[in-house]
2 protein chains.
Amino acid sequence: MTRDGGPGALGADPEELWLSRARPRRGRKPAFSREAITAAAVALADAEGLEAVTMRRVASEVGAGVMSLYSYARDKDTLLDLMIDHVSGELPADGALTGDWRTDFKVIGHLQRALMLRHPWLPAALFARRPLGPNVLAFLEHALAALRPTGLDGAAKLEVFSQLTAFVSGHVAHEIAQAAATQSPDRAAAEARYLAAVAADGHHPELAEALSAPGRPLTPEATFTRFLNRLIDGLDTS
Amino acid sequence: MTRDGGPGALGADPEELWLSRARPRRGRKPAFSREAITAAAVALADAEGLEAVTMRRVASEVGAGVMSLYSYARDKDTLLDLMIDHVSGELPADGALTGDWRTDFKVIGHLQRALMLRHPWLPAALFARRPLGPNVLAFLEHALAALRPTGLDGAAKLEVFSQLTAFVSGHVAHEIAQAAATQSPDRAAAEARYLAAVAADGHHPELAEALSAPGRPLTPEATFTRFLNRLIDGLDTS
DNA sequence: CATTATTCTCGTACTGCGTACGAGAATAAT
DNA sequence: ATTATTCTCGTACGCAGTACGAGAATAATG
């Protein structure tokens with residue numbers, strides 16, 4: 001369906017970006033491939049974060065001149081779209097369904113979260129973006145199949161899936177931020193000291209109590225599962 | 001509590017940023033104020049989006065030299081923190097509580113959404129950030145008070161609030177993206193054409209059906225309310 | 001086989017970003 | 001008056017995305 005080899009079909013419209021186009025019959029042969037460039041960008045983002053993904057870095061990683069990248073993606077934004085679809089290929093789009101749509105949909109949520117934890121830049125990249133590449137659509141197809149037993153109409157099914165994705169993105173982004181804050185001892189200590197100071201000022205009694213009676217710590221995994229279950233169990237098919 | 005007037009107390013640690021410090025008794029008087037700079041940045045973001053907020057633009061807006069801003073915020077990231085807290089001041093932190101925590105918490109969610117719709121850059125700014133300014137903490141205090149009847153322990157209450165914020169951010173971000181895509185007729189048409197083409201390829205039967213049987217369109221407002229209600233009604237206090 | 005059209009590669013260069021540096025101006029304490 | 005302090009802001013640096021266009025490679029054409 002998609003060529004996913006050389007240049008051409010650069011971006012802007014989803015049609016131009018994702019719909020196949022035959023290899024041009026004239027002209028110089030491409031020295032790189034969209035696939036290789038995208039993979040390099042993903043590897044870079046995985047290893048050093050989204051901000052390490054610059055056109056210069058990606059180019060040097062694949063051994064190309066910087067401006068050569070622009071034959072494969074019309075701009076950096078398009079490269080991001082390609083990255084999102086690339087990692088979305090890791091989602092199993094042909095998994096079996098149990099027939100119990102709540103169970104199936106919970107699995108889908110967990111798959112999304114796992115993907116985002118493997119590629120921590122993904123929630124940020126997904127933010128305010130509506131990816132439409134083949135891998136994303138394949139997974140959407142799978143999700144829609146899982147929702148078939150609900151009998152919801154088309155718009156409602158699409159909406160439920162979008163909302164799930166938005167929820168998982170939000171959750172994982174928060175989870176990652178929390179983990180990062182906890183990982184740096186200085187920063188965590190400074191924050192704790194500051195909050196203690198605020199709590200001690202007398203104007204924040206609820207905060208003071210919440211900090212003094214923490215209860216047992218919650219694992220992100222458990223928290224996610226609880227909220228996900230609530231959201232899905234609460235879904236109404238009427 | 002905070003001075004919020006001239007420079008000093010620049011950032012990095014939350015302590016250094018938010019805790020009061022007396023006006024220095026020596027040296028030149030500040031020509032601007034943190035408040036004015038922050039307000040200018042917020043106005044800019046409201047009018048032209050977050051990407052319009054550059055140090056140069058903000059400086060010219062307040063009539064300062066670019067580098068003067070750095071006397072009021074140690075870097076641009078800190079300015080973003082200030083912006084977040086600034087608009088958080090619009091949240092009513094002293095609203096009355098009904099005593100029914102589910103009702104109160106739903107109101108809190110709607111207040112957050114309304115704030116984010118007024119300042120569409122807010123979800124993006126909030127992303128992967130944990131704001132701790134006075135206005136944010138005042139609203140947190142309010143939310144914790146609303147959760148008091150649940151009997152949850154401190155960590156759980158804080159977690160519930162964080163999750164609510166993450167959920168609302170994710171939802172509104174998606175809502176804004178959707179609205180933006182719909183608003184541009186060319187872009188929406190191109191997307192529809194592309195999806196129709198994909199649906200016609202025979203490999204996406206569920207998608208084809210969902211697109212052909214859309215049902216009645218959903219208002220973002222109604223969708224938000226439904227999901228929010230589900231999330232909160234499903235919350236368990238055990 | 002020479003020519004030509006096409007498509008790619010990539011060096012150069014432009015604009016705009018965040019911000020380090022440090023000189024000079026204003027202010028208050030000595 | 002001197003001095004220490006705190007602010008203002010012009011200049012400059014490195015890095016970002018990318019427009020431009022010259023040159024290289026390829027395939028169709030006469």
Counting just the Cα atoms, what span does chain A cover along each of its three principal axes? Round to the nearest Å and put the largest first.
75, 48, 26
With point charges of +1 on the Cβ of Lys and Arg and -1 on the Cβ of Asp and Glu, referenced to the Cα centre of the stretch B:14-88, which listed residue (B:47, B:17, B:27) lies farthest in the positive direction of the dipole?
B:27
Rotational relation A to B, axis-closest Cβ in chain A, residue and distance rounded to whole Å
A:170, 2
Which value, in debye to the nearest 20, describes the size of the charge dipole of the stretch A:101-233 about its Cα centre when Lys and Arg Cβ atoms bear +1, Asp and Glu Cβ atoms bear -1, and nothing else is charged?
400 debye
Given the options A:78, A:182, A:165, which has the most mean-square fluctuation in a GNM of chain A, springs set between C-alpha atoms less than 10 angstrom apart?
A:182
Whole Å is fine, so just give me how far the alpha carbon centre of the stretch A:157-220 lies from that of the stretch B:135-155.
13 Å
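About its Cα centre, what dipole magnitude does the protein assembly as shown give when the only charges are +1 on Lys and Arg Cβ and -1 on Asp and Glu Cβ, stated in debye to the nearest 20?
On the way: 50 positive and 58 negative charges, 270 e Å.
Result for the protein assembly as shown is approximately 1300 debye, rounded to the nearest 20.
Tally Lys and Arg at +1 and Asp and Glu at -1 over the other residues with C-beta under 13 Å from the C-beta of residue B:132: what net charge comes out?
On the way: positive: A:187, A:193, B:129, B:130; negative: A:191, B:13, B:15, B:16, B:81, B:85, B:141.
It works out to a net charge of -3.
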Within the under-13-Å Cβ sphere about residue A:190, not counting residue A:190, Lys/Arg +1 and Asp/Glu -1 give a net charge of -2
Taking N as the number of residues in the protein assembly as shown, the ratio of its alpha carbon radius of gyration to 2.2 N^0.38 Å works out to 1.05
Is any residue of the stretch A:10-44 close enough, with backbone N under 14 Å, to a label point placed 7 angstrom from the Cα of residue B:196 along the Cα-Cβ axis, and if so, which?
A:15
Give the carbon-plus-sulfur fraction of the accessible surface of the stretch A:101-233 in %, rounded to a whole number; probe 1.4 Å, heavy atoms of protein chains only.
60 percent
Translational diffusion coefficient (Stokes-Einstein; Kirkwood radius from C-alpha pairs) of the stretch A:14-88 at 10 °C, 1.306 mPa s, in µm²/s:
123 µm²/s
Report the local net charge at residue B:202: Lys and Arg +1, Asp and Glu -1, summed over other residues whose C-beta lies under 13 Å from its C-beta.
-4
Have a look at B:124, B:41, B:210 and tell me which one the Gaussian network model of chain B (Cα, springs below 10 Å) gives the largest fluctuation.
B:210
Among B:147, B:163, B:101, flag the residue with its Cα farthest along the positive direction of the charge dipole of the stretch B:74-171, charges on Cβ as +1 for Lys/Arg and -1 for Asp/Glu.
B:163
Ratio to report: Rg/Rh of the stretch B:1-133, with Cα atoms as the point set and Rh obtained by the Kirkwood method; give two decimals.
1.02
Where the only charges are on Cβ atoms (+1 Lys, Arg; -1 Asp, Glu), what is the dipole of the stretch B:1-119 about its Cα centre, to the nearest 20 debye?
600 debye
Pick from B:201, B:13, B:153 the residue whose mean-square fluctuation is largest in a GNM of chain B, springs joining Cα atoms under 10 Å.
B:201
On average, how many beta carbons from a partner chain sit within 10 Å of the beta carbon of a residue in B:133-140?
2
Give me the accessible area buried between chains A and B, both sides summed, with a 1.4 Å probe, in Å² rounded to the nearest 100.
6100 Å²
Expressed to two decimals, the stretch A:86-159 has a Cα Rg over Rh, using the Kirkwood radius, of 0.96
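Is there a simple number for the mean count of other chain Cβ atoms within 10 Å of the Cβ of residues in B:145-152, and what is it?
On the way: counts 3, 1, 2, 3, 0, 0, 0, 2.
Mean number of neighbouring Cβ atoms from other chains: 1.
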Please turn the phi angles of the stretch A:31-48 into ³J(HN,Hα) values with the Karplus equation 6.51 cos²θ - 1.76 cosθ + 1.60 (θ = phi - 60°), one per residue in order, whole Hz, x for glycine and proline.
8, 10, 9, 4, 4, 5, 5, 4, 4, 5, 5, 5, 4, 5, 5, 4, 7, 10
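What number comes out for accessible area per residue over chain B if the probe is 1.4 Å? Units Å², please.
Numbers: 11210 Å² over 238 residues.
Ligands and nucleic acids excluded, the figure is 47 Å² per residue.
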Cα extents of the stretch A:80-129 along the three principal axes, largest first, in whole Å?
35, 19, 16
Taking the label point 7 Å from Cα in the Cβ direction, how far apart in nm is residue A:205 from each other copy of itself, listed shortest first?
6.3
Report the label-to-label distance for residue B:21 and residue B:98 in nanometres (one decimal), using points 7 Å from each Cα along the Cα→Cβ vector.
4.5 nm
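Per DSSP H run of n ≥ 4, the term is -39500 (n - 2.57); total these for chain A, divide by its residue number, and report the mean residue ellipticity at 222 nm rounded to 500 deg cm²/dmol.
Working: 11 runs with 145 residues, N = 238.
Calculated at 222 nm, the ellipticity per residue is -19500 deg cm²/dmol.
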Quotient of Cα Rg and 2.2 N^0.38 Å for the stretch A:101-233, N being how many residues it contains
1.33
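The values are calculated or read from the model by the stated rules, or taken from the named source; none is laboratory data. All values reported here derive from a predicted model rather than from experimental measurement. Virtual Cβ from ideal backbone geometry, glycine too; neighbours counted across all protein chains shown. What goes into the accessible areas is simple: the full protein's heavy atoms, side chains included, and nothing from ligands, DNA or RNA. Shrake-Rupley method; radii C 1.70, N 1.55, O 1.52, S 1.80 Å.
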